[in-house]
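Just so it is clear, none of the values below were taken in a lab; they were calculated from the coordinates. Predicted model, so just to flag it, every value in this text is computed and none were measured. Please note: Cβ atoms are built from the backbone with ideal geometry, for glycine as well, and neighbour counts cover all protein chains shown.
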Amino acid sequence: MLANLVDIKPGRTLEVGSGSGAFLYELKARGYDCEGVEISPDAISLFKRLHDEEIKLSSELPSLKESFSLIIASEVLEHIENDDQALQEWIDLLAHDGLLILTVPAHMKRWSASDDWAGHVRRYEKKDLLEKIRDCGLTIVNFECYGFPLSNVLEAFSSGFYKKRIIRNAAGEVERSSNNLRSGVDRGPAIKFFGLISSRLGRASLRVFYKIQSLFLKRELGSGYLVVAKKL
């Protein structure tokens, strides 16, 4: 995601669904004026514990329209029932020539236990996602299908882990709202593989996979979409 900001002048930035605030902290270090929006109590608590008063955090969207030069929503839109309304509300906060950066899970055929665990409403198809964004008056700057091949492999390996951790009600039905609230801070699978990934071999492997991924970003092989769009 940072690669899409290389030529962007730092400005007022809002991250919707900021989780622990790790990405905002990275942007702040690069000169961005950052704010976060988060509704998960656990995520809010972690955010404040890690960043104290360094970065402004709210549980509601700001009210001042056209006030941000950059809005980021990474793995958020798929959690929202009325995604069209949410998308429009975000865009209303975006200034003229401002950028919206979205990431969402791709392809409904890839639906798995991880989607139930995270409280997803849907995964997206390319055509539908592009239509939603263009219907809101934005111009597509960049569109990528990311994750192939590494995330495809990891999804398959972590499926059993997610199945065991899905929150269900007494009737055995998936409690989407409960799964939704904890998904921003529960990093069980990532922690499980952290030792391997952080090793010298792991870091070298990630660099190789990143280079392989770059060859397939315009193909429909990955597990997620990244969209950069401009408000003209």
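Summary table below
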read-out: Nearest-20 debye value, the chain charge dipole, Cβ charges on Lys, Arg, Asp, Glu; value: 1120 debye
read-out: Sites Glu220 and Ala3 - FRET efficiency at Förster radius 22 Å, r taken between beta-carbons, to 0.05; value: 0.60
read-out: Listed residues Leu102, Cys145, Ala118: farthest to the positive end of the dipole of region 92-171 (Cβ charges); value: Ala118
read-out: Extreme residue, positive dipole direction of the chain, given options Val228, Asn82, Ile212 (C-beta unit charges); value: Ile212
read-out: Signed unit charges on C-beta, dipole axis of the chain, positive-most listed residue Ser199, Ser18, Ser69; value: Ser199
read-out: Rg ratio (alpha-carbon, reference 2.2 N^0.38 Å) - the chain; value: 1.01
read-out: Fewest-first ranking of Leu201, Leu94, using other Cβ atoms within 10 Å as the exposure measure; value: Leu201, Leu94
read-out: Antiparallel bridge percentage (DSSP; both residues within region 2-231; nearest 5); value: 45 percent
read-out: J(HN,Hα) series, region 50-57, from Karplus relation 6.51 cos²θ - 1.76 cosθ + 1.60, nearest Hz, glycine and proline x; value: 7, 10, 6, 9, 5, 10, 5, 9
read-out: Normalised contact order of region 1-64, rounded percent, pairs of Cα under 8 Å and 6 or more residues apart; value: 32 percent
read-out: Dipole magnitude of region 18-146 about its Cα centre (Cβ charges: Lys, Arg +1; Asp, Glu -1), debye to nearest 20; value: 380 debye
read-out: Value of Rg to Rh for region 1-110 (Rh from inverse mean 1/r over Cα pairs, i.e. Kirkwood); value: 0.95
read-out: Value of relative contact order over the chain, rounded to a whole percent, pairs C-alpha under 8 Å and six or more apart; value: 25 percent
read-out: Simple label model, 7 Å out from Cα along Cβ direction - Ile140 to Leu206, nm; value: 2.9 nm
read-out: Rounded to the nearest 20 debye, dipole of region 65-126 from Cβ charges on Lys, Arg, Asp, Glu; value: 300 debye
read-out: Theoretical gain in end-to-end length, Lys230 to Val121 [0.36 nm per residue, Cα-Cα removed]; value: 36.7 nm
